[in-house]
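Encoded as structure tokens, the structure appears first; notes follow it.
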Amino acid sequence: ATGKEVWPKGDEKVWKAGMRGVDQDVSDITKSFVNHVQTSLARQAYNLDNLGAYQAAALSVRDSLLVNWNETQLNYTRKTPKRAYYLSLEFLMGRTLDNALLNLGLKDKYRKGIEALGFNMEDILEKERDAALGNGGLGRLAACYLDSGASQELPLWGYGLRYQYGIFQQLISPEGNQLEAPDPWLENQNPWELPRLDVTYEVRFYGQAERNQDGNGRATWTGGQEVLAVAYDVMIPGYKTKTTNNLRLWESRPKRGFDLNSFNAGNYEGAVESSNSAAAITSVLYPNDSTTFGKELRLKQQYFWTAASLQDILRRFKNTGKPIAEFPDCKILNSMASTHLSDDPSDAAIQLNDTHPTLAIPELMRILIDEEELSWDEAWKIVNNTFFYTNHTVLPEALEKWPVPLVEHVLPRHMQIIYDINLYFLQAVEKKFPGDRDRLARMSLIEEGYPKQVRMAHLACIGSRKVNGVAELHSDLVKTTILKDFVEFEGVSKFGNVTNGVTPRRWLDQCNVELSDLITKTLKVDKNVWLKDLTKLEGLLPFAENKKFREQWAAIKQRNKERLAHHVQSTLGLTVRTDAMFDVQIKRLHEYKRQTLNILGVIHRYLTLKGMSPAERKKSNRKVVFFAGKAAPAYYIAKLTIRLIVNVARVINADPDTKDYLQLYFLPDYSVSLAEVLIPASDISQHISTAGTEASGTSNMKFCLNGGLLLGTVDGANIEIAEEVGESNVFFFGHLTPAVEDLRYQHTYHPVPIEQKCPGLAKVLDQVSAGLFGDGAPYEPLLNTIRQGDYYLLTDDFDSYIAALAMVDEAYLDRDEWIKKSIRTTAKMGKFSSDRAILEYAESYWNLEPTSIA
Ligand code: T68
């Protein structure tokens, strides 16, 4: 190894003999638990409540994680493998204790130990707050990838921000309005993080950038505000492996906490002003899952995080003693440098999770040119070999753009570099397509207008070695729509697809213990084996024909429904009937996801039931519909949709004619932990975005993994799920992607009144307007999005949606056949493990190999 000596002191054997192991028996566990109660928490047996017991258990488990974590990091330092870094502004981790216990294989022992001390495992687990540092799919995907990276023994680190407040807590007012409250998740301290007060970097904002006189392209950036980034490390244990990777989250702090001059002059507020403005950078997660750009604090978050992460990556790289690229005389080398890495010059791969970390591209250019004194071409080559960009949306309104005047003000040197990148880039485009002015304007990093804006997707694309979408259809759309010109310019081989995946540890073994146990028993292989090679689930297929197996399968689904009903009863005081089909739609509220279509479908069903005779009603399928999801605080239409759902629920749950056949619930404050209860209980789940708008979806995979069937449009990963499980096991409806553009054109230029085009839907809208669910007036803006323009094509898809719902009802009446479909669905979900996805990134993108920690 080229690594320098990392064992600084004394005899390694003596050190090792003193180290704690992770192989523990129950008495070690109770000892460590009690020890933490006494010394870390300063409490005693008589006053220890469930929260205290959770904390003691967490601290004890953390000790075990630390042993593996230390060993993993030491191993990486010694072997200096190529590393990959996952830069994500969001990590939606959820709870940790249960997951850590399962990954370490210590859950049963802890259960015994905790019971001996008078506590119940489930009660303790419930005390943990979710770490909710994300909005939705993008953030949860990052969490699944960390789990899979460690489980597959990849040297993969995450970098993010340690927000003081995560995604807001959602409350629902008596009128049905969403209210937002802060999420002070660090309130009771966080046992899962390690503050590294020794790992800090300085980050500059504002100030002046002066180009050097000698024309070498370098500049000096001075003045402005300097803040400190402090590292907090979160241990990421792999499943049944020693490998325990790291998620490093940055906290902003003032470089100088206190302005002594102001203080001495009696200006107490002035004395802490700069300190407050520095601390504000990592104070809160932005709760928008698209749109609302242009906020200075968000730009500062993005730069703060990428600048700190790059400094950390470069420092670690320098410590390996390897030369950067094949430029052995640059300053970044230390004296131990000896090898050239010509095939794979970057030695580190950095994955950009959407465009949020794209400032890393000009920032690395700045470091290499201004500080390490590389030439532009040398620097650009390294940048181009280091970064990889994942796109998560093709919706034009969700593509990130920053106003040029804002970037110029906050990051003057980066604006210069972006202009330089653009200049060289457009020169190359002009050379390949001479005289094509329109093309230059379309491809430029700068969008003309007032103000001019920096197009971050273009910057991410040209600065990266590879670009990928997150499902086949989506990756095709990336190539044929938003980045079409770039495919023509750079060649199609730069553009790929990695279909998303989910971790089967959390999303099956942990959230659906009984099903996981039944699968293990049936497959007759060790749980470790199929949970790490999910294609093994195919072995379940023949058991779909086995009556006894089907009964066990159905009984587990039933108990999961009862668990959900119990949860609703104890949290909301509402009684859910469990002798009904459970129909679930849980995701961020967004017009393109079409929760509106679902609620209008529910109203349609209600009106149909009302129109039936009691005898007819008796023959119909009983159904309970669940919604959950947050709306961005400023997203008016999405909030109105929530209000409508809540008020429809109020009316129909109280209607004696129908309440035995149709119930409706909006479960507030959707979270990872709530998903863990909802998903295993679902018979059917809805993924009904307008075709071409949902990049992938990941909850669709989680539902199917848990034997829930899918009702959806031909969109995102729904398509690949259907390919795997067979079209006879999914319920598809609606127009296809190629038709969408045309339909929208029709809406604009040849509108047909809704009464004519879709009378069924018109009737539903009229009932809402007429006040069937309370005063209709507040809903008019929502209803008008459908009556006029109908951008998301509800009037085009409504009838086929209702027909698909009828097919679902019919299929459910043949319960035995339904269970077969459910088993076949789970059996064919092997492809959607995040292990498969992360290995694709490692092999096809990062050139990264697993490194086992002996
Ligand atoms: C989601 N995107 C996609 N974005 O919508 C979903 N955006 O189809 C896909 O499955 C998932 O990513 C994973 O690939 C998001 O979740 C955001 O949350 C987001 C946040 C801030 C700004 C923009």
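Couple of notes before you dig in:
- Near pairs, Cβ below 8 angstrom, 6+ apart or cross-chain, from the range 269-292 (closer than 29 Å to ASP259 by Cβ and open to solvent by 30 Å² or more (accessible area, probe 1.4 Å)) to any residue that is more than 16 Å from the ligand (Cβ to nearest atom) and of a type in the set (Asp, Glu): VAL272/ASP259; GLU273/ASP259; SER274/ASP259
- Test: GLN663 is touching a residue at least 24 places away in the same chain (Cβ under 8 Å) and within 16 Å of the ligand (Cβ to nearest atom): no
- Restricting the range 811-839 to residues that are open to solvent by less than 20 Å² (accessible area, probe 1.4 Å) and outside any helix (DSSP H, G or I), the residue that is farthest from GLU724 (Cα to Cα): SER833
- If you go through the range 696-728 and keep only what is open to solvent by 10 Å² or more (accessible area, probe 1.4 Å) and of a type outside the set (Val, Ile, Thr), you end up with GLY697, SER699, LYS702, GLU723, GLU724, GLY726, GLU727, SER728.
- First in the range 418-440 and more than 15 Å from GLY217 (Cβ to Cβ) and among the acidic types (Asp, Glu), second anywhere and modelled with pLDDT of 95 or more and surrounded by 14 or more Cβ atoms within 10 Å (Cβ to Cβ), Cβ under 7 Å, 6 or more apart: GLU430/LEU440
- A residue that is of a type in the set (Gly, Ala, Ser), over 26 Å from ASP715 (Cα atoms), touching a residue at least 12 places away in the same chain (Cβ under 8 Å) and not in a helix (DSSP H, G or I) can be found somewhere in the range 755-778.
- Single match in THR481, THR575, THR503, THR571 (criterion: within 16 Å of the ligand (Cβ to nearest atom) and surrounded by fewer than 16 Cβ atoms within 10 Å (Cβ to Cβ)): THR481
- The range 660-748 holds helices (runs of 4 or more DSSP H) entirely within its bounds, and those carrying 2 or more residues that are polar (S, T, N, Q), closer than 30 Å to LEU125 by Cβ and within 25 Å of the chain's Cα centre (by Cα) map to 699-705.
- Residue in the range 295-315 that is within 21 Å of ARG162 (Cα to Cα), within 16 Å of the ligand (Cβ to nearest atom) and of a type in the set (Asp, Glu) present: no
- Being in contact with a helix residue (DSSP H, G or I) (Cβ under 6 Å, 6 or more places away or on another chain), of a type in the set (Asp, Glu) and closer than 26 Å to ALA142 by Cα is a property that GLU724 has.
- Listing of helices (runs of 4 or more DSSP H) fully contained in the range 513-582 that carry 1 or more residues being farther than 26 Å from LEU678 by Cβ, under 30 Å from the mean Cα position of the chain (by Cα) and without any contact (Cβ under 8 Å) to a residue 60 or more places away in the chain: 527-532
- Odd one out for ALA337, checked against (1) modelled with pLDDT of 80 or more; (2) open to solvent by 20 Å² or more (accessible area, probe 1.4 Å): (1)
Yes/no per residue for (1) in contact with a Pro (Cβ under 9 Å, 6 or more places away or on another chain); (2) closer than 30 Å to THR30 by Cα; (3) within 16 Å of the ligand (Cβ to nearest atom):
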| residue | (1), (2), (3) |
| --- | --- |
| LEU74 | no, yes, no |
| THR80 | no, no, no |
| MET93 | no, yes, yes |
| ASN99 | yes, yes, no |
| LEU106 | no, yes, no |
| LYS109 | no, yes, no |
| GLU115 | no, yes, no |
| ASN135 | yes, no, yes |
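- Figure legend. Inter-residue proximity from the range 782-808: first residues free of Cβ contacts under 8 Å to residues at least 60 places away in the same chain, second residues open to solvent by 10 Å² or more (accessible area, probe 1.4 Å) and of a type in the set (A, V, I, L, M, F, W, C), beta-carbon distance below 6 Å, spacing 6+ or different chains. Indicated pairs: ARG787/ILE754; THR795/ILE754.
- Of all residues in the range 839-854, those that are under 15 Å from LEU146 (Cα atoms) have Cβ atoms under 6 Å from Cβ atoms of residues that are in a helix (DSSP H, G or I), 6 or more apart or on another chain, in LEU848/ALA842.
- Among the candidates LEU473, LEU411, the residue that is open to solvent by less than 10 Å² (accessible area, probe 1.4 Å) and either within 16 Å of the ligand (Cβ to nearest atom) or under 31 Å from the mean Cα position of the chain (by Cα) (or both) is uniquely LEU411.
- Filtered residue count, the range 666-695, keeping only those that are more than 16 Å from the ligand (Cβ to nearest atom), touching a Gly at 6+ places or on another chain (Cβ under 9 Å) and open to solvent by 10 Å² or more (accessible area, probe 1.4 Å): 3
- Any hit, the range 181-201, residues being assigned to a strand (DSSP E or B), among the basic types (Lys, Arg) and open to solvent by 20 Å² or more (accessible area, probe 1.4 Å): yes
- Any hit, the range 87-106, residues being free of Cβ contacts under 8 Å to residues at least 12 places away in the same chain and either open to solvent by 50 Å² or more (accessible area, probe 1.4 Å) or assigned to a helix (DSSP H, G or I) (or both): no
- Boolean, ASN468 is under 25 Å from GLN302 (Cβ atoms), touching a Gly at 6+ places or on another chain (Cβ under 6 Å) and within 12 Å of the ligand (Cβ to nearest atom): yes
- Being open to solvent by less than 30 Å² (accessible area, probe 1.4 Å) and at negative phi is a property that holds for ALA132.
- ARG162 surrounded by 15 or more Cβ atoms within 10 Å (Cβ to Cβ) and more than 16 Å from the ligand (Cβ to nearest atom): yes
- Applying the criterion of being in contact with a helix residue (DSSP H, G or I) (Cβ under 8 Å, 6 or more places away or on another chain) and charged (D, E, K, R) to the residues of the range 18-50, the residue that is modelled with the highest pLDDT is ARG43.
- The single residue among THR596, THR608, THR578, THR571 that is out of contact with any Leu (no Cβ under 9 Å at 6 or more places or on another chain) and either modelled with pLDDT under 95 or among the β-branched types (Val, Ile, Thr) (or both) turns out to be THR608.
- Filter result (of a type in the set (Ser, Thr, Tyr) and farther than 21 Å from TYR592 by Cα) within the range 726-760: SER728, TYR749
- For the range 263-294, the set of residues classified as within 12 Å of the ligand (Cβ to nearest atom) and not small (Gly, Ala, Ser) consists of LEU285, TYR286, PRO287, ASN288, ASP289, THR291, THR292, PHE293, listed by residue number.
- Residue match in the range 610-617 (condition: closer than 22 Å to ASP775 by Cα and either open to solvent by less than 30 Å² (accessible area, probe 1.4 Å) or over 28 Å from the mean Cα position of the chain (by Cα) (or both)): yes
The values are calculated or read from the model by the stated rules, or taken from the named source; none is laboratory data. All figures in this text were calculated on a predicted structure; none of them were measured in a lab. Glycine also receives a Cβ, built like all others from the backbone with ideal geometry; neighbour counts cover every protein chain displayed. These accessible areas exclude ligands, DNA and RNA; they are computed on the full protein's heavy atoms, side chains included. Shrake-Rupley method; radii C 1.70, N 1.55, O 1.52, S 1.80 Å.
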